[in-house]
Structure formats: structure tokens, C-alpha cells
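Right, one structure below, let's go through it.
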Amino acid sequence: MRLLAEHGEVAARLRSSRWGRGAAAVLAGALPALAFPAPSLWWLAYVALVPWLLLLRAAPTGRRAALDGWLGGTGFMLAVHHWLMPNLHVFLLVLAALLGLLWAPWGWLAREALRGAPMSWGRAGAACAVVPSGWLMVEAVRSWEGLGGPWGLLGASQWQVAPALRVAALGGVWSVTLLVVAVNTAVALFVAVPPARTAAVAALAVCAVTTGSAWVWPAPPEPVGTVRIGVVQPGVIGGPDGPALRFSRGEELTRSLAGRDADLVVWGESSVGADLATRPDLADRLAELSRHVGAEVLVNVDARRSDLPGIYKSSVLVGPGGPTGDRYDKMRLVPFGEYVPARAVLGWATSVGRAADEDRRRGTAQVVMTAGGGGERPLLVGPLVCFESAFPDMSRRLARDGAQVLVAQSATSTFQDSWAPGQHASLAALRAAETGRPVVHATLTGVSAVYGPDGSRIGAPLGTDRGAAAVYEVPLAGTTTPYVRFGDWPLWAALAVLAGAAGAAGARAVRRPPAPGTPARPARTVRGSAGRPGR
């Protein structure tokens, strides 16, 4: 009892201290980052929001809850992007604070949904729908490429949890986020509102039943054969001669795959540092490699184009006779890493950190390539370049366009010793589960990994401490997931929930009687106003 009293006293002092409360909000917002790789405490995601939610519920005013939402959002963005600090320096703090503003309305919303008494079953159930829907709207807005893209979506922390991956097949990573935040909300109600504990347990049961039902529908991906895909990871190669040395190392590793019946060999992002049209010698070397291993080689060219102005990052398929003509130019670029938004205003970022000195150019359309075109069973490949594997809509489009295998070519060597390589590779599991298509995540320096159509990992990944090549037996699937068929329906469902909650709140405000003690407006009589002698 004494310990409980002391704990309550400390909590009360923290709530009454403006600076202490602000620090608590930042730390509470940062806590969910531990659920992502490298810590990979996936189970923490289901309770990591509880301290933040309890802080919001105890906010004395709606304005204070909005401030706590902003501070917590800032802490969250800093935690999930902390590995960018060497590149952006103090600018990362500015970006985190700006993006953290998106959580200010959610902070206010969470306070309104969780506070007050009595907490009926209806109100508890509404809170378990409204709070996750509000969080999902924040994720949807910040997923816009110009705001940094969908890195660190809460649902992505469940990349290695089989039941959660089945939920992703229903509604993408968005549906997993809704599930995770709903569980956090129910736990917060159970802890903070004793009258609502029965309803909170019921909400947790609904979440469990929803997850369990995903094992029945949708049906698991139906296997329709396998292909053998080689992944080439040169490892860390730096210095002024880095591009040439990397190319040579890629050649060496690719030759080691001869005789292993590969149907396709994949190199990582920026594996070729010159346009093949202006360097026929490199094109000839790649064509000879393709003949040597008996499979096309999908490389990635990071160079100035000879036929178009500017620098592009392009996936290029090379066969025994040279480039096949299949080419995909990266469409979604990394802010500051590959281009500087509003360079005329923010160009100073290049002097603060390692921002792009010259903007890369964008492609205009996604492409499905045909590998093994001369064989009996051509393979339809959907390429993505690095950052693009974070966007659910891009992999969904490739699956709808007929891609049998999704290939993400990546390079995270700048962040080699951070959490970034592992977290980036984990996104491929989500994309595989969402689309029912295997995903090959091939990098220059690790982590390279391959995932089956259900999101399960195939074989051993190539870590950041290795330069190696490996061949993976990759199962193909012929089924289409509900997410591919119906798209981002959880976003629309969340928007409908919020609209319904706003409408209900407006109706209650109209019907609410005046508070006791409110002076009534003086009535007027035929002879004159009340209290005034008539004439």
C-alpha cells in the first residue's frame, strides 16, 4: 500500500509539472519504436500506447491533451527515424516536431473518448473504434511521400507474427494498425476505468476473434509452382573507385551461381553506376554473366540518362543478348536523400547534413517485366526501388497488373550499423502478406531477405556483415488477397467511424439541456417585459 501511495504521489506531481508532463509525453510516444527491428519486441506494440493514452485521458483540458499528442508524436517520429540523425542532424528535430503536429488532434480525440463517467458499454466500445480510427488517419496523412512516407507504421511492427500477417491480407498494414491500437485502447480502459473493465475485456475478445477468423478467411495463398531466384549482395565497398569495385564484386558473386538453375538473378539498388547505353562495355559484361548463369540479371542503374535529362534510379533487365528493353524508373523518391523538397527554400539542408546535392528525376509509371521470355515458363516480375517497398499501394498495383514476384532493390549502406537495414527488410514480409505474392528484398550491403506469399521468411537472410550470393526456392501463388481486390478499405472505414462520432457528438450537443443554475431569459408579457410596470 505504501508503494502504491508513493507511486500515486509521483504520478500526481508529474501531472502537475508542465515540464515533467511534457517529458513524459515525449517518452511515452517514443516507446512503440521498440516494437520494430532491431529490438523487435513485437508484443510490446499491443501495450506500448497505454502510458500515452493514460496521460491523454488525465489531461486537465482538451488543449493540454492536444499538446501531449503533439509531444508524443514528436517523440515517436524521433524514435522511429533516429538513424537519420547523422544525415539530417538538427533538421531531424525540426521535421519530427512538424510531423508530430499530426498527433495533436488525436490527443484531443483520445481524451474525449476515454475520459468522463459513467463509462458504459456503448462508450467503451465507441472508444475502441474511435481512438484507432483517429490514429489510422494520422498514419494515412503522414504516409504521403512529401511528408516522409509510410516508415514506422504501427502495424508494420507485426511483420513476423503469422496471425497479424493474415489480417494484413484482409486490409493491408492499415488493418493491422487498427487491431494494435484497438487492443491498446481496451487495455487503457481496463487499467484506468474500473466500471469499463467488462467492456474492455469484451473489446479484447472481439480483437482476438477478428484475428482468429483471419485463419479461416481469406484462404491461404494457393501454391502454383516455384522459381529459383539468386540474390547478389556485394557488401560494403567504399572509396572513389567504389562503383567500379562494386560492379566487379557483383560479377564475381554472380558467377558463383552458375549451375544452380536460377531463373532470375537480382542485384541491389545503385549496383551499376553508369548508363548502360553510354557504357556498352558494362552492358556486354552483364550479358556475358546472363549467359554464364543461364538467367537474366536484374540490375539497378543510378546514373545520368543519355536519352533524358537528369539522374534516374532504374531497374534494368539484362539477358544473354544485353538489355531486354524492360526498364523501370523509380517514381517515389526519398525526401532530402534523393531530392530536396522546395529546394529554393530548404536548400540550406545540404550544408547541414548529407542531403541530395542534385534532385533525382522520377519515373512516370510502374512496370511488370517478363524474365525468361525465351523459356517455357516466363516469370512476371514487379520491381520496386528501395523506399518504394514501404508503400502498400505500389505493391498492390503490381499484383493487380499480373506480377508473380515482387522485387525490391535497396541500398542502406549509409545506415549500416543502425536499425534501418533490418526494419527495411521487414517491410517485405508485409508486402508479401498483403498481395499474396513472394517478395525478394535485395540490397547492396544487407539485410537481403526473401518472403513467401504468406509473408513467412524463406531461407536465411544475408546480414549486414556479409558479402555473398544465395539462391532461394521461391513459391508462387495463384490466389488474390482481399487487400489486392478491395484496396485501402480500412482507411475509408476509419473515416466513416470518425464522421459518425462527430455526428453523434453534434446531436448530443444540440439535445443537451442547459446546465443547472443557468439564469432563464426574462419572459415578455402582453403588457410589457417581465418585471417592468405596464402603462
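The values are calculated or read from the model by the stated rules, or taken from the named source; none is laboratory data. Being a predicted model, the structure only gives us computed values, none of them experimental. A quick note on method: Cβ atoms are made from the backbone with ideal geometry, for glycine too, and the neighbour counts reach across all protein chains shown.
Structure summary
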| item | result |
| --- | --- |
| Test set (1) in a loop (DSSP other than H, G, I, E, B); (2) modelled with pLDDT of 95 or more; (3) of a type outside the set (S, T, N, Q) - Pro39 fails condition number | (2) |
| Failed item in (1) out of contact with any Phe, Trp or Tyr (no Cβ under 6 Å at 6 or more places or on another chain); (2) more than 20 Å from Asp329 (Cβ to Cβ); (3) modelled with pLDDT under 95, with Ser418 passing the rest | (1) |
| Residue list for segment 56-90, filter: aliphatic (A, V, I, L, M) and out of contact with any Lys or Arg (no Cβ under 7 Å at 6 or more places or on another chain) | Ala66, Leu67, Leu71, Met77, Leu78, Ala79, Val80, Leu84, Met85, Leu88, Val90 |
| Counted residues, segment 302-322 - those being touching a strand residue (DSSP E or B) at 6+ places or on another chain (Cβ under 8 Å) and either of a type in the set (Ser, Thr, Tyr) or surrounded by 20 or more Cβ atoms within 10 Å (Cβ to Cβ) (or both) | 9 |
| Qualifying position, being buried (at least 16 other Cβ atoms within 10 Å of the Cβ) and modelled with pLDDT under 95, among Arg21, Arg13 | Arg21 |
| Qualifying residues in segment 92-133 (those that are small (Gly, Ala, Ser) and within 30 Å of Glu145 (Cβ to Cβ)) - the one surrounded by the fewest Cβ atoms within 10 Å (Cβ to Cβ) | Ala97 |
| Selection status of Ala200, touching a Cys at 6+ places or on another chain (Cβ under 9 Å), surrounded by 19 or more Cβ atoms within 10 Å (Cβ to Cβ) and part of a helix (DSSP H, G or I) | yes |
| Residue count for segment 115-151, restricted to those that are in a helix (DSSP H, G or I) and within 13 Å of the chain's Cα centre (by Cα) | 8 |
| Elements of type strands (runs of 3 or more DSSP E) contained in segment 401-470, each with 1 or more residues being touching a Ser or Thr at 6+ places or on another chain (Cβ under 9 Å), free of Cβ contacts under 8 Å to residues at least 60 places away in the same chain and among the small types (Gly, Ala, Ser) | 405-410, 448-451 |
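Residues are listed down the side, and each one gets a yes or a no for (1) under 21 Å from Asp326 (Cα atoms); (2) in contact with a Lys or Arg (Cβ under 7 Å, 6 or more places away or on another chain); (3) surrounded by fewer than 24 Cβ atoms within 10 Å (Cβ to Cβ); (4) not aromatic (Phe, Trp, Tyr):
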residue	(1), (2), (3), (4)
Leu384	yes, no, no, yes
Phe391	no, yes, yes, no
Ala449	no, yes, no, yes
Ala470	no, no, yes, yes
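Per-residue answers, yes or no, for (1) closer than 15 Å to Ser410 by Cβ; (2) assigned by TED's automatic domain parsing to the domain that holds Leu41; (3) at pLDDT 95 or above:
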site: Ala449; (1), (2), (3): yes, no, yes
site: Pro453; (1), (2), (3): no, no, yes
site: Ala469; (1), (2), (3): no, no, yes
site: Val484; (1), (2), (3): no, no, yes
site: Ala501; (1), (2), (3): no, yes, no
